[in-house]
Number of protein chains: 2
Amino acid sequence: MQAKDPKPARTSPPIPATPGKATLADVARVAGVSTITASRALGNPTIVAERTRLKVQQAVSQTGYVPNLLAGGLKSSRSRVIACLVPTISSGSSFMLAVQSLTETLAAAGYQVMLGQRGYQQDTENALIDAVVSRRVDGIVLMGAIRSAPMRRRLQAIGIPVVEAWDKTRTPVDMLVGFSHEAAGAAMANYVHRKGYRQAAMIVASEPRSALRARGFAKAAARHGHTGIPAAQIDAPTRLRHGRAGTAELLALHPKLDVIFCASDLVALGAITELKQRGLRVPEDVAVLGFGDLDFAVDIDPALTTVQIDSVEIGRRSADMLMEKLAGKPVAEPVVDLGFSIIERDSG
Amino acid sequence: MQAKDPKPARTSPPIPATPGKATLADVARVAGVSTITASRALGNPTIVAERTRLKVQQAVSQTGYVPNLLAGGLKSSRSRVIACLVPTISSGSSFMLAVQSLTETLAAAGYQVMLGQRGYQQDTENALIDAVVSRRVDGIVLMGAIRSAPMRRRLQAIGIPVVEAWDKTRTPVDMLVGFSHEAAGAAMANYVHRKGYRQAAMIVASEPRSALRARGFAKAAARHGHTGIPAAQIDAPTRLRHGRAGTAELLALHPKLDVIFCASDLVALGAITELKQRGLRVPEDVAVLGFGDLDFAVDIDPALTTVQIDSVEIGRRSADMLMEKLAGKPVAEPVVDLGFSIIERDSG
DNA sequence: TTGTAGGCGTTATCAT
DNA sequence: ATGATAACGCCTACAA
């Protein structure tokens, strides 16, 4: 009953010896149908006879067949993989929450996520783009905008759908979902003014978005008559210890400051830790303002006043936009400003 | 001078109009060599003449060629992609640090990481395995062991290299790099005994590893004559607020407890927050012990006594083992116990 | 409803 | 050192 097999006959029963290596042709042989019928039974079950479908189904479980999306993708040039490129895979960053919702939303639609770390150097980034493009990802989500013009041109030339997330820029490569970091900084400065603080200071991370917020803060503060806002510079990604060190530095130079706008919630927690240890009260002596509204912000003592970003929504919208575009639909709103809100709690 | 092109002639000069769409055949044509020579010049430069290599190089930049690893992978059955399956993509988890070093190590060797979220349900996990296997990943790194026997059999049947990370189990699917959570729990119980605490309690997360540590702790405590260690149950992934809630619960039921072993550093931070807010001193009134030695552990107040795990090494070793195996070498040490250490600081 | 032929872009195999 | 040819596994035509 065995069909002649042109392959260098190994054991050659219809059921391949090496599981996971079965091909659609194997399934078809076992089911007694042609390859294309097996293909249809799997991918378009409505157009094959019920009996055929069942035979194929059974052959699939018998052979342990797992489709090869590489082969399918070669023909259709759709890999059903989306690249997600983050500045750094660090815990404590609100990026990861967006990555999570992105992954979940995409998984529900049959897409997988290829993760890449952009790093802070141009070289790495170029190589990373090469790496994902050569794997024919169907789209790219960039956490953080593209700032270099050559890179922007390059991505445009490649022609893959791209979503830039987190930053709102005037020159998106393709699609964008984010908010204005400068506006967020300005909003915090206005809040500080409204609350009547007199000596503001900042802890700023060496990362474009933090710098933008600092700039927005300084500009708005200037409008209220406060110029020369002192700033402590820290490294990115931000850590609790940077908050402590930055606070110590600011306190030494400006003993009379009464509020600190921090680069992140983690930094804010560090600031609070440092202040409390020095016997200063938060917010009575020095107020602390965070950024991100991470999970823990509401539960620390005092509860953190911070800028809330809807990371989950950023991830979901990025996925949705990408999938709209991949479905060939015109993307209703290719540039989305999700905004932010200041959550007033107890720390300032 | 134009070769006849069988394709539906668009503009059809040797340099394709659509960048990123050039194929190896285009490159070969421009360079005036055969496709296979172009392939070799790129993938195996040592075996072609220097002059040829240069011509091909130039043709590549002229055409904007980006290799199609899908096509190459179809033939060579090597996708140069590794799946990394984590329980959950959450910030405060030490998994992400391992994911980071895994990604970096693999990237340096030309591999990309496909990220997947296992979730806490079997269904999801099965579908996830399907998703990555059908994309023909070269290997799988599982953060957290496989506990279900059918799943273990399934992975073994598929025959892809698998690394289970974080847990040490007696029945690894393939390779493993981790440590014994039960031993870590026991070590903490011994530490507690050595330090002379009398009334220990635990905050335990609904997640197998935390449960294992709790078991190890309870067993070792029993050996020192302490039975019935009270435990507060919290959800996974762990959060700061769970630490507060768990502490409140324990305090209500066991007002005389003098040390709490927490499911994670984040939970420990929550415990400290709660205790301090109630006017209790750490460690004088109640000591707090963490798990993970996350980045912030050393910088909180009081500095956290905790179990240190070398997450970075877990990621790196996972990558190394996988690459050894993929290179066809026998893996020197397919099961690695990386151990842990208790870092004594100020919290207990 | 089912089948046949051909091709997606690359690399393995076997020549030259 | 370089080429011609044939797969790799699937799916889109087009037939039957």
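The values are calculated or read from the model by the stated rules, or taken from the named source; none is laboratory data. On a predicted model such as this, the values are computed, not experimentally measured, just so you know. Note that each Cβ is placed from the backbone with ideal geometry, even for glycine, and that neighbours are counted across all protein chains shown. To get the accessible areas, we keep the full protein, side chains included, count just its heavy atoms, and leave off ligands, DNA and RNA. Shrake-Rupley method; radii C 1.70, N 1.55, O 1.52, S 1.80 Å.
Just a few scattered comments:
Listed here are the residues, each with its yes/no results for (1) within 15 Å of DNA strand D (Cβ to nearest atom); (2) among the polar types (S, T, N, Q).
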position: B:35; (1), (2): yes, yes
position: B:59; (1), (2): yes, no
position: B:64; (1), (2): no, no
position: B:98; (1), (2): no, no
position: B:103; (1), (2): no, yes
position: B:115; (1), (2): no, no
position: B:122; (1), (2): no, yes
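- Residue check for residue A:331: within 17 Å of the chain's Cα centre (by Cα) and either aliphatic (A, V, I, L, M) or farther than 18 Å from residue A:166 by Cβ (or both): no
- Filter result (in contact with a helix residue (DSSP H, G or I) (Cβ under 6 Å, 6 or more places away or on another chain) and among the small types (Gly, Ala, Ser)) within the range B:249-267: B:263
- Residue count, the range A:330-343 (criterion: part of a loop (DSSP other than H, G, I, E, B) and either in contact (Cβ under 8 Å) with a residue 60 or more places away in the chain or in contact with a Cys (Cβ under 7 Å, 6 or more places away or on another chain) (or both)): 5
- Residues that are part of a loop (DSSP other than H, G, I, E, B), in the same structural domain as residue A:195 (by TED's automatic domain parsing) and under 23 Å from the mean Cα position of the chain (by Cα) do occur in the range A:239-247, at least one of them.
- Test: residue B:156 is at the interface with chain A (Cβ under 7 Å from one of its Cβ atoms) and open to solvent by 30 Å² or more (accessible area, probe 1.4 Å): no
- Residues being over 14 Å from the mean Cα position of the chain (by Cα) and aliphatic (A, V, I, L, M) - total across the range A:97-114: 3
- Of all residues in the range A:59-74, those that are crowded, with 22+ Cβ neighbours inside 10 Å have Cβ atoms under 8 Å from Cβ atoms of residues that are outside any loop (DSSP other than H, G, I, E, B) and of a type in the set (Val, Ile, Thr), 6 or more apart or on another chain, in A:59/A:27; A:59/A:30; A:63/A:27; A:63/A:30; A:65/A:27.
- Considering the range B:37-58, the residues that are within 27 Å of residue A:157 (Cα to Cα) and open to solvent by 90 Å² or more (accessible area, probe 1.4 Å) include one that is nearest to DNA strand C (Cβ to nearest atom), namely B:40.
- Residue list for the range A:23-36, filter: near DNA strand C (Cβ under 8 Å from one of its atoms) and either hydroxyl-bearing (Ser, Thr, Tyr) or open to solvent by 40 Å² or more (accessible area, probe 1.4 Å) (or both): A:32, A:34, A:35, A:36
- Filter result for residue A:348 (modelled with pLDDT of 95 or more, open to solvent by less than 30 Å² (accessible area, probe 1.4 Å) and outside any strand (DSSP E or B)): no
- Contact map, the range B:150-175: residues that are on the phi > 0 side of the Ramachandran plot paired with residues that are modelled with pLDDT of 95 or more, Cβ distance under 7 Å, separation 6+ or inter-chain. Pairs shown: B:166/B:143; B:166/B:178; B:166/B:209; B:166/B:314.
- Taking residues in the range B:180-197 that are at pLDDT 95 or above, and partners anywhere that are assigned to a loop (DSSP other than H, G, I, E, B) and of a type in the set (Lys, Arg), the pairs with Cβ atoms closer than 8 Å and at least 6 places apart or on different chains are B:180/B:168; B:181/B:168.
- Among the residues of the range A:115-145, those identified as under 11 Å from the mean Cα position of the chain (by Cα), hydrophobic (A, V, I, L, M, F, W, C) and within 13 Å of residue B:112 (Cβ to Cβ) are A:115, A:140.
- Matching residues in the range B:43-65 - criterion: being of a type in the set (A, V, I, L, M), out of contact with any helix residue (DSSP H, G or I) (no Cβ under 7 Å at 6 or more places or on another chain) and part of a helix (DSSP H, G or I): B:54
- So residue B:297, is it open to solvent by less than 50 Å² (accessible area, probe 1.4 Å), more than 25 Å from the chain's Cα centre (by Cα) and hydrophobic (A, V, I, L, M, F, W, C): no
- Residues that are surrounded by fewer than 22 Cβ atoms within 10 Å (Cβ to Cβ) and not in a helix (DSSP H, G or I), drawn from the range B:300-322: B:301, B:302, B:303, B:308, B:310
- Listed conditions (1) open to solvent by 30 Å² or more (accessible area, probe 1.4 Å); (2) under 21 Å from residue A:120 (Cα atoms); (3) in contact with a helix residue (DSSP H, G or I) (Cβ under 6 Å, 6 or more places away or on another chain) are all met by residue A:213, apart from (1).
- Test: residue in the range B:275-285 that is more than 20 Å from residue B:182 (Cβ to Cβ) and open to solvent by less than 10 Å² (accessible area, probe 1.4 Å): yes
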